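The values are calculated or read from the model by the stated rules, or taken from the named source; none is laboratory data. From a predicted model like this one, the values you see are computed outputs, not experimental measurements. When we count neighbours, we look across all protein chains shown, and the Cβ atoms used for this are built from the backbone with ideal geometry, even at glycine. For accessibility, only protein heavy atoms count, side chains too; no ligands or nucleic acids. Shrake-Rupley method; radii C 1.70, N 1.55, O 1.52, S 1.80 Å.
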2 protein chains.
Amino acid sequence: MELSNKQITVIFKALCDENRVQIFRILQNGELCACHLLEELHLSQPTLSHHMKVLCDSGLVVGRKEGKWMHYSISAEGAKVAMDCLKEITAVNESECKCCNK
Amino acid sequence: MELSNKQITVIFKALCDENRVQIFRILQNGELCACHLLEELHLSQPTLSHHMKVLCDSGLVVGRKEGKWMHYSISAEGAKVAMDCLKEITAVNESECKCCNK
DNA sequence: CATACACATAGAAAAATGTCAATATGTTTT
DNA sequence: AAAACATATTGACATTTTTCTATGTGTATG
């Protein structure tokens with residue numbers, strides 16, 4: 001996939017704030033609109049909006065507009081990208097030298 | 001494992017900074033001491049020391065003291081914890097109601 | 001034992017992030 | 001069309017993070 005260092009930071013920023021982690025926990029029960037998320041969090045509406053933007057930018061959450069509501073849910077594809085990325089960046093190269101496999 | 005929101009943020013803060021992501025890329029080739037890491041990064045020695053502390057706090061990197069050198073490497077166990085955590089936090093509950101599996 | 005070396009810590013400045021009140025935008029309802 | 005509603009954006013401020021210089025600590029070496 002070859003993500004840049006910058007792109008990797010954008011993905012994992014999703015999980016670097018306690019409120020955002022809490023949002024994941026809430027969304028685990030299924031898609032929810034912003035106003036319902038707001039009810040479960042001690043945050044102002046603009047602050048929630050900001051966090052949802054960070055989450056969507058990461059790809060781990062997707063938003064779906066329906067009339068005046070925004071429905072948010074955890075993205076299985078985004079989660080897969082993040083998993084692959086985490087696996088890749090924490091992998092240790094067995095052999096540094098490709099030709100002799102040493 | 002049941003990690004708190006706070007603990008989760010500590011893990012993923014490791015990957016929220018471009019320099020730290022670069023450190024992972026370097027450590028993928030194997031254990032390295034701080035002074036050699038420093039050669040490959042455009043950072044001051046105290047700044048690197050700060051980043052290594054963040055990385056060790058996350059559990060994704062471990063340090064090993066040998067004389068006056070600190071050797072750092074990627075932790076396979078830490079990576080596993082992070083993977084499990086990411087998987088858990090991005091999982092969507094199939095059934096909200098335990099009794100009827102609906 | 002004095003000096004050099006590797007790394008950590010303290011303290012300060014700069015940059016990035018999180019937060020809210022006020023306001024704007026777009027949608028539905030009356 | 002006006003009012004109400006859901007969400008986004010703006011601008012300001014507080015907190016956190018990143019970064020550096022200066023200094024401290026522990027270890028090896030001459």
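Just a few scattered comments:
- Counting all C-alpha pairs of segment A:20-64, share separated by more than 18 Å (%): 14 percent
- Protein heavy-atom accessible surface, 1.4 Å probe, per residue over segment B:5-89: 51 Å².
- Sorted shortest first, the separations between the A:ASN29 label point and its copies elsewhere in the assembly read 5.0 nm; each point sits 7 Å from Cα along the Cα-to-Cβ line.
- Comparing the full protein assembly with the isolated chain, the residues of segment A:1-45 losing at least 50 square angstrom of accessible surface (1.4 Å probe) are A:ASN5, A:THR9, A:PHE12, A:LEU15, A:CYS16, A:GLU18, A:ARG25, A:GLN28, A:ASN29.
- Taking the Cα atoms of the protein assembly as shown, the ratio Rg/Rh between the radius of gyration and the Kirkwood radius comes to 1.04.
- Relative contact order for chain A: 27 percent, from Cα pairs under 8 Å spaced at least 6 residues apart, divided by residue count.
- Chain B - Rg over Rh from alpha carbon coordinates, Kirkwood radius: 1.14
- Summary for A:ASP57: label point 7 Å along Cα→Cβ; distances to the equivalent points in the other copies, ascending, 2.2 nm.
- For A:VAL10, label point 7 Å along C-beta direction: distances to other copies, nm: 3.0
- Seen from every direction in turn and averaged, the convex hull around the alpha carbons of segment A:1-43 projects onto 4.0 nm².
- A/B buried area, accessible surface, summed, 1.4 Å probe, Å²: 3100 Å²
- On segment A:5-89, 53 percent of the accessible area sits on carbon and sulfur atoms, based on a 1.4 Å probe.
- The accessible-area loss of segment A:61-89 on complex formation, taken against its chain alone with a 1.4 Å probe, reaches 20 Å² or more at A:ILE74, A:ALA79, A:MET83, A:LEU86, A:LYS87, A:ILE89.
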